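Worksheet: one structure, shown below.
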Amino acid sequence: MAGETREQTSLLGDGLNRCFRKSERYTVIHVAVIFLVVAMIAGLLGLSGMAGAASGIAWILFALGLVLAGVFYSRWRILMT
């Protein structure tokens, strides 16, 4: 990248590596819970539009997580037989 020193580039690279470590990955259910908490806080603060949007996203992500869990569980059961 033009104008960046070697130290700045390594710091950017280290930041990206920290984001994708296995211990820091977020599951779909984890992100759904985060959106649910955001919705509850927004609802308490009277931000009904933001609360509705966040709860809708949380519901979609939770349903997607359950569907994916079911698909992976059924595939695992088929492979184990």
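The values are calculated or read from the model by the stated rules, or taken from the named source; none is laboratory data. Here the structure is a predicted model, which means the values were calculated and not measured. Reconstructed Cβ throughout: ideal geometry from the backbone, glycine too, with neighbour counts over all protein chains shown.
Does segment 70-78 include one or more residues that are on the phi < 0 side of the Ramachandran plot, surrounded by 13 or more Cβ atoms within 10 Å (Cβ to Cβ) and of a type in the set (Phe, Trp, Tyr)?
So far as segment 70-78 goes, no, none of its residues is on the phi < 0 side of the Ramachandran plot, surrounded by 13 or more Cβ atoms within 10 Å (Cβ to Cβ) and of a type in the set (Phe, Trp, Tyr).
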Which is at pLDDT 90 or above and assigned to a helix (DSSP H, G or I), of ILE29, ILE60?
ILE60
